[in-house]
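Worksheet for the structure shown next.
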Amino acid sequence: MDGLVVVKIGGASGVDPDGVCADVAALVRAGRRVVLVHGGSAAVDDLAARLGVPQRHLVSPSGVTTRHTDAATLRVLQLALLGQVRPAVLAALGRGGVRAVGLSGLDANLLRAERRAAVRAVVDGRRVLVRDDHSGRITSVDGGLLRLLLADGVTPVVSPPAVAEDGLPVNANADRVAAAVAVELGAQALVFLTAAPGLLADPADDASLLAEHELGEDTPVAGGGMAVKLVAAREALRGGVRSVVVSDGRVASPVGRALDGGGTRLR
Amino acid sequence: MDGLVVVKIGGASGVDPDGVCADVAALVRAGRRVVLVHGGSAAVDDLAARLGVPQRHLVSPSGVTTRHTDAATLRVLQLALLGQVRPAVLAALGRGGVRAVGLSGLDANLLRAERRAAVRAVVDGRRVLVRDDHSGRITSVDGGLLRLLLADGVTPVVSPPAVAEDGLPVNANADRVAAAVAVELGAQALVFLTAAPGLLADPADDASLLAEHELGEDTPVAGGGMAVKLVAAREALRGGVRSVVVSDGRVASPVGRALDGGGTRLR
Amino acid sequence: MAATACPECEGSVELAESLTQNEILECPDCLSELEVVTTNPPVLALAPEMAEDWGE
Amino acid sequence: MAATACPECEGSVELAESLTQNEILECPDCLSELEVVTTNPPVLALAPEMAEDWGE
Ligand SMILES: [Zn+2]
Ligand SMILES: [Zn+2]
């Protein structure tokens, strides 16, 4: 879709959703079509603590850490993302004059996923199969519903969870949801807003920002959330998205800056 | 809208949302257009207790009791309705083959409300003005968005909160939301599903079901949720909705039964 | 028992020992509804007019 | 140290004192990945094959 931008905002502290929403509102008023995708891991952690739901993490054999989404955590995740983060985003967009509609994978089966029935992980130094994890990999996006809304001037706000083959919700990484949405809609650009200037040659030095980075080269920062962003970026680039950028969500006009050459462009 | 049915499901225990959703799915597959509206006061109470958010109620000078929606309760209400009740309804409809999309008042400002800046109440025998209540009265419904989705074969699922003039969420009674939606869309029928057979001449005797009831006559049961349903029913009838029914949500095919003459038809 | 002036008619409104913030009193002279805006010192203001409109 | 038969090649797989449910072992003979299905008595089954696919 010509000129369409998919913007992923994270749940990390430091990124102000109101600032991002004001920027998105300005872009929409200027005629840009935008799809917003959000996660919200900080909100999930906070609500889990308030509800006394212990949070565990899984470490893959290759060392990647992710949330262990057991049944109780899946319920907390839906509460936090759909009942807290998303309403705040929708209200902020509405105040900016944007007609925004929130959709998760459960809305008209927008995001279908294949549940990971068993996840290989390392627990206490042992390799185990985790069988109660409710997360999955996106297999399809219903572009028709998104196009219907975009054509009517609506800005979709897309959230995990996705829906599995059995019709039940599964957690899905929001970066990869954003990539799948961008590919399905033939977006011109995919912008990941983070609490960092972009990809850094030296993680301790904000001035070492890389203007461009070729995926497949040695990646300077493979830790934490950035690794998954690079996986998602590869999926988007392979799917035909022309411009994929990781950029700072903490500055003024974060989306505009990312589209004007800010942050790190991935190739 | 010809043949459109608005169905309100409550949050009271005893009404099985999965059963209602299966029935709605059957109607939709048979070609009926349906809008579902839900509340969820039991889920709000439960989550408020888990989070340690005290729940207070307001008693109006004439004796009607409602939830006191202070700022903390408004947050709990959004968590419970948008992050728990609605995802379960959407998933159940999806499993029934229905393309359902959830919308609250925050989605494209679907439900606009006038906040009650000050509510007259009786507290400890004294008449007071409660000024921290975040609730309001529906002033308009964006029928365009609902019609767009219905025309595309989508079943909208509508939830409180509504949005006030300042762009912030306010609690709104789901029965009155259902009435406002039914009026805006020119629905043929509005069905309130409850945990009772309908309106009873004797509240203690399920066999005393009234097949019809003329609003304005002495109302046999004015207590609790039924009083607000009658207010909402009057709003719907005055707005041109032909058939308004209060019926049992606990039986098999609850919507089909209500449309076939079950429960109490209000005039 | 203390008293204060009605902000509407300047008549005298008697005040109970214990006042509650946002309590509503009625002026015996002009029958205005008056809200207790502060309790110490007691300040009364005309209560906003509103239709009763209930529902959770 | 106890041992049990590999469900794939029937070779002998040695078992540590403390086994964990869903732990993955490797058969020294056929190199199959084996999942500990129950710990007492120890029962092994061929672990499902999966690509590693991560992300919250
Ligand atoms: Zn007076
Ligand atoms: Zn073997």
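Taken together, the values in this text are just the output of simple stated rules run on the coordinates, not laboratory data. Nothing here was measured: the structure is a model prediction, and the numbers come from that model. In this analysis, Cβ positions are derived from the backbone assuming ideal geometry, glycine residues included, and neighbour counts consider all displayed protein chains.
Summary: within chain A, the longest segment free of GluC sites (Glu not before Pro) located in DSSP loops with at most 14 other C-beta atoms within 10 Å is A:1-164. Sorted shortest first, the distances from the residue B:71 label point to those of the same residue in the other copies are 3.7 nm; each point sits 7 Å from Cα along Cα-to-Cβ. Using a label point 7 Å beyond Cα on the Cα-Cβ vector, give me the inter-copy distances for residue B:3 in nanometres, one decimal, shortest first. The projected label point of residue B:3 is separated from its counterparts by 3.9 nm. Counting Cβ atoms of other protein chains within 10 Å of each Cβ in C:21-33 and taking the mean gives 3. With label points defined 7 Å past Cα in the direction of Cβ, position residue B:51 shows copy-to-copy spacings of 1.0 nm, given to one decimal and shortest first. Taking amide H atoms as placed 1.01 Å from N in the peptide plane, the amide H of residue A:158 lies under 5 Å from those of A:36, A:37, A:38, A:103, each 5 or more residues away in sequence or on another chain. Which of the three applies to the range B:70-222, rounded, prolate or oblate, going by the alpha-carbon gyration tensor with a ≥ b ≥ c and a/c under 1.5 meaning rounded? Here the range B:70-222 falls in the oblate category. Partner shielding of A:157-165 amounts to 1, given as the average count of beta-carbon atoms from other chains within 10 Å of each residue beta-carbon. Neighbours of residue A:240 by Cβ distance under 14 Å: Lys/Arg scored +1, Asp/Glu scored -1, total +1. Among the residues of B:92-104, the average count of other protein chain beta-carbon atoms within 10 Å of the residue beta-carbon is 5. Taking a ≥ b ≥ c as the square roots of the eigenvalues of the Cα gyration tensor, the range B:146-254 is prolate, since a/c reaches 1.5 or more and a/b is larger than b/c. Descending by average beta-carbon neighbour count within 10 Å, the peptides B:191-198, A:75-82, B:72-79 line up as A:75-82, B:191-198, B:72-79, the highest first. The rotation axis taking chain A to chain B passes closest to this chain A residue's Cβ, listed with the gap in Å: A:83, 1. Shape verdict for chain C, please, from the Cα gyration tensor: rounded (a/c under 1.5), prolate (a/b greater than b/c) or oblate. Note, shape of chain C comes out oblate.
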